[in-house]
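See structure below.
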Amino acid sequence: MIKVAVSGALGRMGTTIGRIVDEAPDMELVGGVDVREGTLFGKEVVPAARIDEFLKEKKPDILIDFTVAAAAVENIRAAARNNVALVVGTTGFSSEQRESIRNAIEGNIPAVISSNFSVGVNIFWKLVREAARELGDYDIEVTEAHHRYKKDAPSGTAKTILEILDQELGDREKVYGRVGATERKNEIGVHVVRGGDIVGDHSVLFAGNFECIEISHRAYDRAVFAQGAVRAARWVAGREPRIYAMQDVLGI
């Protein structure tokens with residue numbers, strides 16, 4: 001039985017993850033942390049300031065974190081101090097925060113960190129990489145859309161797309177939206193949409209003369225991210241202490 005705690009437990013993702021864990025026959029939900037007290041499917045949720053006390057008392061095997069960058073850094077440090085493995089889906093980290101996370105995790109605990117835990121998105125990233133290798137001389141535009149409450153822009157998934165393109169094509173200039181003179185150079189256009197309850201849409205357009213190829217992924221329910229995170233939690237339990245990606249979980 002894998003004992004799981006959730007940080008950001010009372011948020012939309014945290015609640016969805018909690019439900020999946022609570023219904024899983026091989027997992028036990030032990031509670032969580034959030035900005036306020038409450039309950040998650042009958043289990044205690046404590047304020048994030050008490051995370052060390054909570055982890056010592058509940059002794060979870062895994063902490064799943066979908067919060068915001070500043071809170072996630074503190075939660076990750078607490079997990080490392082208490083020898084609790086991690087699944088982290090929080091995005092928007094600065095380079096300094098990423099370094100702090102790496103220092104806390106490496107050699108201490110196993111952690112799966114990904115900007116997107118959807119199986120489909122991870123296949124989407126693979127297809128984008130393959131297309132970039134073959135279509136590097138095409139014009140490239142990246143578009144992402146999310147709900148009105150999304151905290152960061154571009155999304156972590158879009159940033160991963162840009163990292164993949166840079167790895168395959170070199171570091172091209174990024175143009176974030178366009179206004180005024182728009183004569184195209186060797187650049188990658190990046191476009192962000194925020195509105196309504198859009199769960200997550202991402203697309204990459206490769207435009208050449210006389211043809212276009214577009215690769216896209218659309219999520220219809222945030223449960224797809226929660227299911228992937230829970231899959232990662234099963235996988236990471238007992239692994240060697242280091243940082244893993246969702247591609248490691250999926251073997252791709």
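Taking all protein chains together, Leu127, Leu205, Leu63 sort by accessible area into Leu127, Leu205, Leu63, largest first [probe 1.4 Å].
Under a Gaussian network description of the chain, with springs only between Cα atoms under 10 Å, the residue in Gly31, Gly238, Gly156 that fluctuates furthest is Gly238.
In the assembled protein chains, Lys3 presents an accessible area of approximately 60 Å² (probe radius 1.4 Å). Charging the Cβ of each Asp and Glu at -1 and of each Lys and Arg at +1, and nothing else, the dipole of the chain about its Cα centre rounds to 620 debye. With Cα atoms defining each centre, segment 83-118 and segment 143-201 are spaced 23 Å apart in the structure. Summed over the residues of the chain and divided among them, the accessible surface reaches 49 Å² per residue at a probe radius of 1.4 Å.
Using the alpha carbons alone, the radius of gyration of segment 112-189 stands to its Kirkwood radius in an Rg to Rh ratio of 0.98. Estimated at the nearest 10 Å², the accessible area of Asp61 is 70 Å² with a 1.4 Å probe.
For segment 1-150, carbon and sulfur atoms together expose 49% of the accessible surface, with a 1.4 angstrom probe and every protein chain in place.
The values are calculated or read from the model by the stated rules, or taken from the named source; none is laboratory data. Because the structure is predicted, anything quoted here is derived from the model rather than measured. FYI the Cβ positions are ideal-geometry reconstructions off the backbone, even for glycines, and counts take in every protein chain you see. Protein only, heavy atoms only, side chains kept; ligands, DNA and RNA dropped before computing areas. Shrake-Rupley method; radii C 1.70, N 1.55, O 1.52, S 1.80 Å.
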